[in-house]
Amino acid sequence: MATSSKLYIDLYSECAHPDLYAAPWWLDAVCGLDKWDAIRLINKSNLTTAFIPFFKTQIRGLSALITPPMTQWIPVLTKEDAQDFSIDDFLKSLPPCSILDLTMKSGENPILPSSAYHVNYKYSYVIPYHALKEQLRLNYNEGLRRNLREAEKNYTIVISDDVQTFVNLCSSSYRNRKLKPPVWIDQIVPAAVDALKKNGAGVINLAIHQGEVIAGILTGWDTHTTYYLTGGRNGDEGGASAHALLLDHVINEAHLRGHSFDFEGSMHPGIANFFQSFGAIPEPYLQVRKFSGMGRLWSFFH
């Protein structure tokens, strides 16, 4: 492992409230051992300002630096009293590659990179923690509340260790939309579930009707936020209402932990509207891309 990764792990152990996506065990699970690295940012006094991890891989034989799979944005690992970092400084510190595609938290006043990069704002959808549990459903829209009351009569929610059934549900959701399931579902979801379980930081919940599994979701958490990592459902007509009931369940579980709940967003209008029906508030983050050499040809076709 590169020296910067070892220093990153040392700093992680000193942080009081690091993000889930910053955990070295999470990066090992979703990237693979020795497949991720971290850039160390230093200030004018040669002191560490921040560490930022990234996934180093290949796409169609081309070198690529990308956001780790199942990871909404790459985190900034920093001590509580550290100075703000510059996105531009981070990008300039990265090793050369053909494909650069990173999503990262923008902060209130991000320093945007130069025009050599393609920069887009994307949005997550977050339910902030509220001390009153009753307030949660008051922020749901009426149609959702009505569907949940009906779903509560039909489905039972259970915690499960049946990873293969969950993976099958995730794949089924893609096939229902006539899409090919991405490779990472079979390869990475089991490793992520195992890592979350070992670290007491995540769980699979399934919705069951008359002994049949209808839908499932995987959530993970750190000290302040619970994240909806991935999920799936079968083609049954009730799959959508079972999925909504599962989300309502894990939102309430997040509340019991004193957490906000992050849906992890979507740029698909229908999915975004669904998340907002729970009263979730959009929060921006940045997608930064740059293509060099044959990476430009690859980007043209993708």
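The values are calculated or read from the model by the stated rules, or taken from the named source; none is laboratory data. Keep in mind that this is a model prediction, so the values were computed, not measured. Heads up, the Cβs are rebuilt from the backbone with ideal geometry, glycines too, and the neighbour counts pull from every protein chain shown. Each accessible area value is taken on the protein alone, full model and side chains, heavy atoms only, with ligands, DNA and RNA left out. Shrake-Rupley method; radii C 1.70, N 1.55, O 1.52, S 1.80 Å.
Give me the extension gain from LYS197 to HIS268: residue separation times 0.36 nm, minus the current Cα-Cα distance, reported in nm with one decimal.
Residue separation times 0.36 nm, minus the Cα-Cα distance, leaves 22.5 nm.
Tally up the carbon and sulfur contribution to the accessible surface of segment 234-302 as a whole percent, 1.4 Å probe, everything protein left in place.
Using a 1.4 Å probe with all protein chains present, segment 234-302 comes out at 58 percent carbon and sulfur.
Would you please give the residues with an amide H less than 5 Å from that of LEU229, counting only those at least 5 places away or on a separate chain, with H modeled from the backbone geometry?
LEU218, THR219, GLY220
Could you work out which residue, out of SER266, SER86, SER292, moves most in a Gaussian network model of the chain, that is, has the largest mean-square fluctuation with Cα springs under 10 Å?
The residue that fluctuates most here is SER292.
Relative to the longest principal Cα axis of the chain, at what angle does helix 3-14 sit, 0 to 90 degrees, rounded to 10?
The two axes meet at around 50 degrees.
For helix 184-198, what angle does its Cα long axis make with the longest principal axis of the chain, in degrees from 0 to 90 and rounded to 10?
So the inclination is approximately 90 degrees.
Dipole of the chain, Cα-centred, from +1 at each Lys and Arg C-beta and -1 at each Asp and Glu C-beta, to the nearest 20 debye?
It works out to roughly 840 debye.
Mind checking which of PHE263, PHE274, PHE166 has the largest fluctuation in a GNM of the chain, springs on alpha carbons under 10 Å?
In this elastic network of the chain, the residue with the biggest mean-square fluctuation among PHE263, PHE274, PHE166 is PHE274.
Go through segment 89-98 residue by residue and turn each phi into a ³J(HN,Hα) via Karplus (6.51, -1.76, 1.60, θ = phi - 60°); whole Hz please, and just put x for glycine and proline.
Computed from phi, the couplings for segment 89-98 are 4, 4, 5, 5, 7, 6, x, x, 7, 7 Hz.
Which residue, SER171, SER4, LEU297, has the largest displacement toward the positive end of the dipole of the chain when charges sit on each Cβ (Lys, Arg +1; Asp, Glu -1)?
The Cα lying farthest towards the positive end belongs to LEU297.
Starting from the Cα of GLU152, step 7 Å along the direction of its Cβ; do the same at LEU138; then give the gap between the two resulting points in nm.
Distance between label points: 1.7 nm.
Using Cα springs under 10 Å in a Gaussian network model of the chain, which residue among ALA201, ALA22, ALA116 shows the largest mean-square fluctuation?
Of ALA201, ALA22, ALA116, the Gaussian network model singles out ALA116 as fluctuating most.
Match the structure shown to one of the listed values (i) 6, 26, 36, 26, 7, 0; (ii) 6, 23, 26, 21, 15, 7, 1, 1, 0; (iii) 6, 25, 34, 23, 10, 1, 0 of P(r) over Cα pairs in 10 Å bins from 0, in percent, computed from it, and give that label.
Derived directly from the coordinates: (iii).
Can you tell me the 0 to 90 degree angle between the C-alpha axis of helix 163-176 and the longest principal axis of the chain, rounded to 10?
90
Rounded to the nearest 500, what is the chain's calculated 222 nm mean residue ellipticity when only DSSP H runs of at least 4 contribute -39500 (n - 2.57) each, over all residues?
-11000 deg cm²/dmol
Using DSSP to define loop residues, name the GluC sites (Glu not before Pro) in segment 174-265 whose beta-carbon has at most 12 other beta-carbon atoms within 10 Å.
For GluC sites (Glu not before Pro) across segment 174-265 that sit outside H, G, I, E and B with at most 12 neighbouring Cβ atoms in 10 Å, the list reads GLU237.
Between TYR125 and residues 5 or more places away or on another chain, which pairs have amide H atoms under 5 Å apart, with H built 1.01 Å from N, and which residues are they?
When sequence neighbours closer than 5 places are left aside, the close amide H contacts are PHE263, GLU264, GLY265, GLU283.
Looking at this model, which pairs from LYS153/LYS198; LYS6/LYS198; LYS56/LYS198 are more than 27 angstrom apart at the alpha-carbon?
Flagged as over cut-off: LYS153/LYS198.
Using a 1.4 Å probe, what is the accessible area per residue for segment 95-238, in Å²?
55
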